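Visitor: Mind having a look at this structure? Questions to follow.
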Amino acid sequence: MIPKDPVFLGIDTSCYTTSLALVDGKNRLLAEKRLLLPVKAGTRGLRQSEGVFYHTLNLPQLMEALSEALDFPLKERLAAVAASVKPCRRQESYMPVFRTGEGLAKSLAAAFGVPFIPATHQEGHLMAALWSAEEKPPLPFFAYHLSGGTTELMLVKKIEKKPRYGFDYSIIAGTMDIPAGQLVDRVGVALGLPFPAGPRLQELAGELDLAEDSPASPGFSIPTCCREGKISFSGGEAWALRALARGDQPAQIARSIEHYIAASLEKSVLQAASGYEAAGVIFMGGVAANTYIRRRLRQRLNRRLPCFFARQEYSSDNALGIALIGAETIKALYSDPT
């Protein structure tokens with residue numbers, strides 16, 4: 001039985017962020033808490049064992065902070081607990097960091113006597129993007145997931161409600177080597193920026209802009225490599241390291257990498273789109289929060305395929321989408337008990 005005025009808790013423990021979110025039965029965000037995992041200066045990431053350790057430290061304090069932010073006892077209204085249990089829906093998909101959030105979610109669900117809803121990190125990103133975007137594409141549509149661990153173009157065909165709320169989708173394009181976010185982080189660390197480097201790389205490149213609405217300009221043009229929608233980003237990393245070695249201006253290198261990613265994504269979408277019917281493409285994931293990349297894609301793609309974007313604060317890793325999946329799963333089960 002769903003309690004009166006139910007709320008739904010979402011937990012996401014990705015490679016670099018611990019996240020909690022709480023939504024109500026009308027899909028309104030009531031509270032959220034996030035913490036970035038600490039990464040030692042000059043390094044390019046964390047081992048999975050380190051991520052697991054930091055999540056175990058973060059989860060109790062975030063849970064306490066979330067509870068204190070509410071004006072009601074969580075136990076009186078909690079209807080379900082959802083968690084990302086793996087990166088994506090593929091059977092072989094697995095990362096130890098997600099077991100920390102899954103363990104807490106299952107423990108809370110058992111303690112409060114409510115359902116536990118498993119979800120995937122990728123579907124959480126998609127759900128948060130659809131919730132936060134100013135406009136949403138009708139089905140079927142493309143969704144480009146751009147992060148430190150993933151660069152995948154998905155064709156989303158329909159919404160699934162049982163056994164849990166989710167999406168019927170297939171991967172049709174992406175990267176042949178490193179993901180877009182890994183390119184950003186590797187170049188950023190080489191430029192002396194902290195990891196993860198996305199926000200600071202954008203700040204560095206932004207030194208070249210005179211105004212927010214200034215035309216998207218590349219700095220230096222890096223040749224792109226994209227075949228049948230599949231991108232190779234390793235050439236961009238090699239170019240950036242050579243540019244740094246010859247003493248090129250760091251802001252120009254940063255802007256050129258932004259432009260290179262945007263140009264590669266444009267080619268990828270247009271090459272892949274030619275074989276499918278889709279109403280538009282929505283971009284999600286940490287790389288999709290970059291202001292220059294968003295602006296460039298709007299300028300170049302909207303003429304052929306409408307572009308949609310998750311709100312910038314919900315492009316990066318968050319538990320909002322996971323909480324929404326939990327809410328929609330329970331509502332679907334109770335609205336149609338067959």
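The values are calculated or read from the model by the stated rules, or taken from the named source; none is laboratory data. Fair warning: this is a prediction, and the values are worked out from it, not measured in the lab. When we count neighbours, we look across all protein chains shown, and the Cβ atoms used for this are built from the backbone with ideal geometry, even at glycine. Side chains included, ligands, DNA and RNA excluded: accessible areas come from the protein's heavy atoms. Shrake-Rupley method; radii C 1.70, N 1.55, O 1.52, S 1.80 Å.
Visitor: In segment 316-334, how many are farther than 19 Å from Gly181 by Cβ and among the polar types (S, T, N, Q)?
Guide: 1
Visitor: Now, a different point. Looking at this structure, is Glu32 among the charged types (D, E, K, R), open to solvent by 30 Å² or more (accessible area, probe 1.4 Å), in contact (Cβ under 8 Å) with a residue 24 or more places away in the chain and touching a helix residue (DSSP H, G or I) at 6+ places or on another chain (Cβ under 7 Å)?
Guide: Yes, satisfied.
Visitor: Next question. Find the residue count for segment 99-149, including only residues that are touching a Cys at 6+ places or on another chain (Cβ under 8 Å) and either farther than 20 Å from Gly166 by Cβ or among the basic types (Lys, Arg) (or both).
Guide: Total meeting the criteria: 1.
Visitor: Which pairs do you get when a residue that is without any contact (Cβ under 8 Å) to a residue 24 or more places away in the chain, found in segment 226-255, comes within reach of a residue that is assigned to a helix (DSSP H, G or I), reach meaning Cβ atoms under 7 angstrom, with the pair 6+ apart or on two chains?
Guide: Note: pairs meeting the criteria are Ala243/Ile253.
Visitor: Those residues that are farther than 30 Å from Pro199 by Cα and surrounded by 15 or more Cβ atoms within 10 Å (Cβ to Cβ), I need them from segment 148-159; list them, please.
Guide: Within segment 148-159, just Lys157 meets the criteria.
Visitor: Give me the pairs: first residue in segment 50-78 and hydroxyl-bearing (Ser, Thr, Tyr), second residue assigned to a loop (DSSP other than H, G, I, E, B) and open to solvent by 30 Å² or more (accessible area, probe 1.4 Å), beta-carbon distance under 7 Å, and six or more apart or on different chains, which are they?
Guide: Tyr54/Pro38
Visitor: Looking at this structure, is Asp24 open to solvent by less than 50 Å² (accessible area, probe 1.4 Å), over 18 Å from the mean Cα position of the chain (by Cα) and modelled with pLDDT of 95 or more?
Guide: yes
Visitor: A further question on this structure: Restricted to segment 290-316, and to residues that are touching an Asp or Glu at 6+ places or on another chain (Cβ under 9 Å) and farther than 20 Å from Val156 by Cβ, which residue is surrounded by the fewest Cβ atoms within 10 Å (Cβ to Cβ)?
Guide: Applying the filter and picking the extreme gives Thr291.
Visitor: Turning to a different aspect of this structure: How about segment 273-289: which of its residues are among the aliphatic types (A, V, I, L, M) and open to solvent by 10 Å² or more (accessible area, probe 1.4 Å)?
Guide: Ala273, Ala278, Ala279, Val287, Ala289
Visitor: Let me ask another. Pick out the one residue from Arg296, Arg300 that is in contact with a His (Cβ under 9 Å, 6 or more places away or on another chain) and over 30 Å from Lys33 (Cβ atoms).
Guide: Arg296
Visitor: Related question: Based on what the data block shows, is Ile257 of a type in the set (A, V, I, L, M), open to solvent by less than 10 Å² (accessible area, probe 1.4 Å), over 28 Å from Trp131 (Cα atoms) and at pLDDT 95 or above?
Guide: yes
Visitor: Just need a number here: residues in segment 311-338 that are in contact with a His (Cβ under 9 Å, 6 or more places away or on another chain), of a type outside the set (Val, Ile, Thr) and farther than 25 Å from Leu208 by Cβ.
Guide: Counting residues in segment 311-338 that are in contact with a His (Cβ under 9 Å, 6 or more places away or on another chain), of a type outside the set (Val, Ile, Thr) and farther than 25 Å from Leu208 by Cβ gives 4.
Visitor: Tell me, which helices (runs of 4 or more DSSP H) lie completely within segment 41-134 with 2 or more residues that are open to solvent by less than 30 Å² (accessible area, probe 1.4 Å)?
Guide: 48-68, 97-112, 121-132
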